[in-house]
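Contents: one structure, followed by commentary.
Readers should treat all values here as calculations from the given coordinates under stated rules, not as data from a laboratory. Everything quoted here is computed from the prediction, not taken from an experiment. Cβ: placed from backbone, ideal geometry, glycine included. Neighbour counts: every protein chain shown.
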Amino acid sequence: MSVVKTEFSGGILYVTIDNPPVNATSRAVRIGLLAAVEQGRDARAVLLSCAGRTFIAGGDMGEFDSPAQAPDLPDVVAAIEHSPAPWVALLHGTVLGGGLEIALGCAHRIATPDTRFGLPEVNIGLIPGAGGTQRLPRLVGFDLAVEMATTGRMVDAKTMLTAGGIDRIADDLQATATALIQNLPKRPSPISARPRPEASTKTIARTSVKFTRGAKAPMHNLEALIWSTKTDFTEGQPRERALHLKLRQSAESRALRHAFFSERAAARPAILKGATGRETTQIAIIGGGLMGAGIATAALLAGYKIHLLETSDEAARAGISRIHTLLDGAEKRGKISAGRRADLRLSSSADYADAASADLAIEAVFEDLDVKQQVFRRLAKQMRPDALLASNTSYLDPHDIFMGIKNPGRCLGLHFFSPAHIMKLVEVIALDETSPETLATGFTLVKRLKKSPVLSGVCDGFIGNRMLAAYRRAADYLLADGALPAEIDTAMRRFGMPMGPYELQDLTGLQIAYASRQRQAGSRPASERYIPFGDQLVEMGRTGQRAGKGWYRYYEGNRTPLEDPEVSALILAGADNRFQFSPDQIIERLLAAMINEGARILEEGIAASAGDIDVVQMLGYGFPRWRGGPMHYGDTLEHLPEMMRALAAQSPGSWQLAKKFKG
């Protein structure tokens, strides 16, 4: 069955691409479009449209690991641009990457009001490969082209119309195109033949500063856009194509493509095949603190009816106030209109009987087993026997939390990350008896919240916090052997992390990990090296940014971490050794701890795939996406075994290496 369908009627050739799900520019599409150019040579005009929910939304990434196959997209776009018959693009949905490049080859472009446009190649480590960086600035100007190509952000139809990127906005594309063809204006000159755009030195400088560290693709896109200001299209386009093909094989692009496919796979775990989630409309959220308020806000914005339960009416009012503060921020950011906000369904109380009609309850109270158990016992008495029960625990075993609850197949963990209304990751925790239907409902909920779900089994800290604990422990060993917090944090920022382990602890609060360590004290192996610095800081009242001091000191109103002599003196007095570590040694030691723990998690079946672990680390902990996550990154390192041996040798008896690293 052809993915490019054509029909000749009244001197017009109608060309329809039907290549679900997103009409990607696969080889079959490219072949079909070239054939349509030949078929339409004698037509008065050619109308190009796409079936389904979107116009062409990019290339077929499945082709990127192999040599490019003819016909190449640049040749297809050039054929459309120089066709004897003018092509008219009817645009809807998202017009992305190769789709935008094809539209730029058309003589006219008409879009529906909700159409969005973009060059997202930067998000997979590439630059456009079919003239996008050379045509777009010639059409809409240098500044807008830089914004689109270096960030991957989409712009709306109104923005494109104002910039001259499209000819018209219309609700009825076919009728508008028919009227246009009946009175065809003079055919505009091909975009490739238009004058070079003027470069903005301010835009170049601003973009260069923004992307001086981290992923290289933004700067490659800027470089290609600058070519459009200095060379003719006949020189700039081949240079763009050559760099595009080269970057397909780069470590950065491979890592970003791995990240893209891993997120898609994580959202559809094999265990859910054939399972259907239940309809949920009403959610009870227990606990109106920062986490509960964040979860409630995300659920309200997704259209759920929310009832907040607290320990008292006063606490319930305080929780509601926190939610409204978060909604104020959402309204300011344009995430919700004032009119829609007025329709949100939010209530609160201290009476668990008010949760009776809820389809799902999400507990977000203090990380204390007794407290959480009491919450679910009270809920079980008031809610339907089939209502789903979810705990937001970060470390505790959900089996203990739900002990004695009837119908345990309805119980699961939903581990949100703070701030819950912003962070994309949610670990969906499967207990031994959790039913596939319950898991499917959890995944559906997370997706409706516009977040990314990852399935996890049960262990201390699940996937993310278990790896975080190993990462922090390795950092503490570096402290005990001569490094200081600022040296470790600086090294990890250089690697690409948004902040180092000690800056992160100060941000989230040292007391959380402290409580977890105290809970684990009785089960900690005698052979494991234990570093008490973090415990000592908490016991000194240094719990992080909110206290004004943690690993660093903070001045009121300023979150910049400042090295504190008191902490340095504490570490130096308690250090076991006085080694000096280079930034590379620090990076390798901490990565080895993360990768080893990830490998153990895989061996134990806690995570279904290495890709799932990478998604957790990228979305929940800021691991640089352009490195693909720790497991993918580890697979690219030839000296990984040496890294593991160094990790084990630094603290003998403290690390249980994964089976693949033993020997």
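Multiply the residue separation of Glu314 and Ala573 by 0.36 nm, subtract the distance between their alpha-carbon atoms, and state the gained length in nm to one decimal.
So the extension gain works out to 88.6 nm.
If neighbour count is taken as other Cβ atoms inside 10 Å, put Thr207, Thr133 in order from fewest to most.
Taking fewest neighbouring Cβ atoms as first place, the list is Thr207, Thr133.
Identify the trypsin sites (Lys or Arg not before Pro) of region 275-352 meeting these criteria: DSSP loop state and at most 12 other C-beta atoms within 10 Å of the C-beta.
Passing both the DSSP loop test and the Cβ count: Arg333, Arg345.
In terms of modelled amide H atoms, which long-range or inter-chain residues lie less than 5 Å from the amide H of Ala57?
Long-range HN contacts for Ala57: Ala24, Leu96.
Tell me, what is the percent relative contact order of region 280-456, built from C-alpha pairs under 8 Å that lie six or more residues apart?
Relative contact order of region 280-456: 22 percent.
Determine which residues of region 51-80 fall in the zone a paramagnetic label at Lys5 would reach in this model, i.e. backbone nitrogen under 17 Å from the point 7 Å along Cα→Cβ.
Output list for this probe position: 51-56.
How would His220, His639 line up from fewest to most surrounding beta-carbon atoms within 10 angstrom?
His639, His220
Under 12 Å Cα to Cα from Lys158, which aspartates and glutamates show up? Leave out anything in the same chain fewer than 8 places away.
Counting by Cα, and skipping residues close in sequence, Lys158 has these aspartates and glutamates nearby: Asp114, Asp167.
Can you check what the net charge comes to around Leu507, using other residues whose Cβ is under 12 Å from the Cβ of Leu507 (Lys, Arg +1; Asp, Glu -1)?
-1
Mind giving me the nanometre distance, one decimal, between the label points for Arg448 and Asp400, set 7 Å out from Cα along Cα→Cβ?
3.2 nm
Explain nothing, just the number: relative contact order of region 4-249, from Cα pairs under 8 Å at least 6 residues apart, as a whole percent.
Relative contact order for region 4-249 comes out at 18 percent.
Within a Cβ distance under 10 Å of Met403, other residues only, what is the Lys/Arg minus Asp/Glu net charge?
Charge balance in the 10 Å sphere: -1.
Take each of the peptides 518-528, 92-102, 47-57, 414-424, average the number of other beta-carbon atoms within 10 Å over its residues, and list them starting from the highest.
In descending order of packing, they fall as 92-102, 47-57, 414-424, 518-528.
For the pair Ala51/Thr490, report the inter-label distance in nm, with labels modelled 7 Å from Cα in the Cβ direction.
6.1 nm
Where does the Debye-calculated log10 I(q)/I(0) of region 137-213 sit at q = 0.14, 0.15, 0.27 Å⁻¹, using only Cα point scatterers of equal weight, no solvent?
Calculated log10 I(q)/I(0) at the listed q: -0.62, -0.69, -1.29.
Tell me, what is the FRET efficiency for Ser349 and Asp386 to the nearest 0.05, using R0 = 25 angstrom and their Cβ-Cβ distance as r?
My answer for the efficiency is 0.65.
Ratio of Rg to Rh for region 547-663, alpha carbon only, Kirkwood?
1.04
Working from the pairwise distances between different alpha carbons, so that the mean of 1/r is found and then inverted, what is the chain's Kirkwood radius in Å?
Computed over Cα pairs of the chain, the Kirkwood hydrodynamic radius comes out at 27.7 Å.
Along the Cα→Cβ direction, 7 angstrom out, place labels at Lys230 and Gln520. What is the inter-label distance in nm?
Once both label points are built, they end up 5.3 nm from each other.
Which Rg and Dmax, in Å, describe the Cα atoms of region 530-608?
So, for region 530-608, Rg and Dmax equal 16.7, 46 Å respectively.
Full extension from Tyr530 to Ala205: what is 0.36 nm times the residue separation minus their Cα-Cα distance, to one decimal in nm?
Here the answer is 112.2 nm.
If you line up the Cα atoms of region 464-661 on their principal axes, what length do they span on each, largest first, in Å?
So the extents along the principal axes, rounded to whole Å, are 44, 36, 33.
Could you please report the charge total around Met594, scoring K, R as +1 and D, E as -1 over all other residues with beta-carbon less than 13 angstrom from its beta-carbon?
+3
Could you list, in their original order, any pairs among Lys372/Lys451; Lys332/Lys451; Lys549/Lys660; Lys186/Lys210; Lys216/Lys332 whose Cα atoms are separated by more than 30 Å?
The pairs that break the limit, which is 30 Å between Cα atoms, are Lys549/Lys660; Lys186/Lys210; Lys216/Lys332.
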